[in-house]
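Undergrad: Please find one structure pasted underneath; my questions will follow.
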Amino acid sequence: MGNLHSVAKAFEHVADNFQIEVTSDRARIAEADHVVLPGVGAIRDCMAEIRKQGVDTVVAENLSAGKPFLGICVGMQALMKHSDENNGVACLGHFDGAVRQFPKDLTDAHQLPMKVPHMGWNNVEQTVEHPLWHGIVSDSRFYFVHSFYVEPHADYTAGRCQYGPEFAAMIYRDNLFATQFHPEKSHTSGLQLLKNFTRWNGAL
């Protein structure tokens, strides 16, 4: 579901010594050093495909193994407990939180209307020190495309952003890291984050 090719190409650009493979084969994923779950589209369809392919089990197995894991966009939202999208969808439940929809009548500080989906560049404030932030200054700009957002939670928010409501732009726990934005479309800062991921051993 989504931006598999662009994510793979971005990793090929920053990690010459890695073999990049797009697959849902559980045996191949089990052999991987690092695992990425990217995604775009409606969460109902994504979760249906995740469960159909057995990716829900793959995610749990890789997290338990301590392998570096990166979720991107809907791949981040799928890690939450629940999403309000599509009249409510149960997600993977690795984080005890919910995915909310931006209000249809969203306005800025001057009461001017704001477009939904949130599409374009926005600043991300770093809220914790993390190996994936190496070489990236706080308030760097990243590229977003989303109509739903993860509510920020102090226990697992690594970066936050504001578009009307404040939301979690990055979440983390142990060997897991996920971004609401698209690092593969975020030029220098995004590529640096992907490079950091390839060099990360999963430890904080």
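The values are calculated or read from the model by the stated rules, or taken from the named source; none is laboratory data. Bear in mind that the values here come from a model prediction, so they are computed numbers and not experimental data. Glycine gets a Cβ as well: all are built from the backbone with ideal geometry, and neighbour counts include every protein chain shown.
Undergrad: Within the range 24-35, track down each residue that is touching a Pro at 6+ places or on another chain (Cβ under 9 Å) and assigned to a loop (DSSP other than H, G, I, E, B).
TA: Scanning the range 24-35 gives Asp33, His34.
Undergrad: Of all residues in the range 107-124, count the ones that are more than 19 Å from Ile72 (Cβ to Cβ) and in contact (Cβ under 8 Å) with a residue 40 or more places away in the chain.
TA: Residues meeting the conditions: 3.
Undergrad: Given the conditions (1) in contact (Cβ under 8 Å) with a residue 60 or more places away in the chain; (2) part of a loop (DSSP other than H, G, I, E, B); (3) under 30 Å from Ser24 (Cβ atoms); (4) not β-branched (Val, Ile, Thr), and given that Gly135 satisfies all but one, which numbered condition is not satisfied?
TA: With (1) in contact (Cβ under 8 Å) with a residue 60 or more places away in the chain; (2) part of a loop (DSSP other than H, G, I, E, B); (3) under 30 Å from Ser24 (Cβ atoms); (4) not β-branched (Val, Ile, Thr) applied to Gly135, the lone miss is (3).
Results for (1) closer than 23 Å to His5 by Cβ; (2) of a type in the set (Lys, Arg); (3) in a loop (DSSP other than H, G, I, E, B), shown as yes or no for each residue.
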| residue | (1), (2), (3) |
| --- | --- |
| Asp155 | no, no, yes |
| Phe177 | yes, no, no |
| Thr188 | yes, no, no |
| Lys195 | yes, yes, no |
| Thr198 | yes, no, no |
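Undergrad: Out of Asp155, Asp139, Asp174, I need the residue that is touching a Leu at 6+ places or on another chain (Cβ under 8 Å) and acidic (Asp, Glu). Which one?
TA: Selected residue: Asp174, the only one of Asp155, Asp139, Asp174 that is touching a Leu at 6+ places or on another chain (Cβ under 8 Å) and acidic (Asp, Glu).
Undergrad: Can you pull out the residues in the range 1-23 that are without any contact (Cβ under 8 Å) to a residue 40 or more places away in the chain, assigned to a helix (DSSP H, G or I) and of a type outside the set (A, V, I, L, M)?
TA: Result: His5, Glu12.
Undergrad: Go through (1) modelled with pLDDT of 95 or more; (2) in a strand (DSSP E or B); (3) on the phi < 0 side of the Ramachandran plot for Ala98 and report which single condition fails.
TA: (1)
Undergrad: Still on this model: If only one of Gly202, Gly164 is in contact with a Phe, Trp or Tyr (Cβ under 7 Å, 6 or more places away or on another chain) and on the phi > 0 side of the Ramachandran plot, which one is it?
TA: Just one listed residue meets the conditions, Gly164.
Undergrad: I'm trying to understand the selection: among the residues of the range 62-88, which are without any contact (Cβ under 8 Å) to a residue 60 or more places away in the chain and surrounded by 15 or more Cβ atoms within 10 Å (Cβ to Cβ)?
TA: Asn62, Ala78, His82
Undergrad: At pLDDT below 95 and either touching a helix residue (DSSP H, G or I) at 6+ places or on another chain (Cβ under 8 Å) or surrounded by fewer than 19 Cβ atoms within 10 Å (Cβ to Cβ) (or both): is that true of Ala27 in this structure?
TA: Yes: the conditions hold for Ala27.
Undergrad: Considering the range 34-46 alone, what residues qualify as being at pLDDT below 95 and out of contact with any strand residue (DSSP E or B) (no Cβ under 7 Å at 6 or more places or on another chain)?
TA: Selection gives Gly41, Ala42, Asp45.
Undergrad: Report, by residue number, each residue of the range 131-146 that is farther than 22 Å from Ala203 by Cβ and within 14 Å of the chain's Cα centre (by Cα).
TA: Within the range 131-146, Phe142, Tyr143, Phe144, Val145, His146 qualify.
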